[in-house]
1. Would you tally the residues in the stretch 1-36 being β-branched (Val, Ile, Thr) and either in contact (Cβ under 8 Å) with a residue 24 or more places away in the chain or touching a Leu at 6+ places or on another chain (Cβ under 7 Å) (or both)?
2. If you check ALA34 against the conditions, is it open to solvent by less than 70 Å² (accessible area, probe 1.4 Å), farther than 20 Å from ILE3 by Cα and either touching a Cys at 6+ places or on another chain (Cβ under 9 Å) or at pLDDT 80 or above (or both)?
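The values are calculated or read from the model by the stated rules, or taken from the named source; none is laboratory data. Here the structure is a predicted model, which is why all the values come from computation and not from measurement. Cβ coordinates were reconstructed from backbone atoms using ideal geometry, including for glycine residues, and neighbour counts include every protein chain displayed. Areas reflect the complete protein model, heavy atoms only, side chains present, ligands, DNA and RNA absent. Shrake-Rupley method; radii C 1.70, N 1.55, O 1.52, S 1.80 Å.
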Amino acid sequence: MKIDMPDEMHAELERHAAAAGMSLEAYLVDVLIARISREESLRQENAGKAEETQLGEGPP
């Protein structure tokens, strides 16, 4: 896999990966999965709030 990024960003990500005891590729996959998971949780939470508001159960 090849990702174009500035050298400074690459070095910083390498440091984070090393601190986590992971390869850079494994670290990036882990970060990506965590972000997708967070976004999906927020999406579901917001969908629930929208549903509550439509039902008149949520805050005005």
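1. 1
2. Criteria not met by ALA34.
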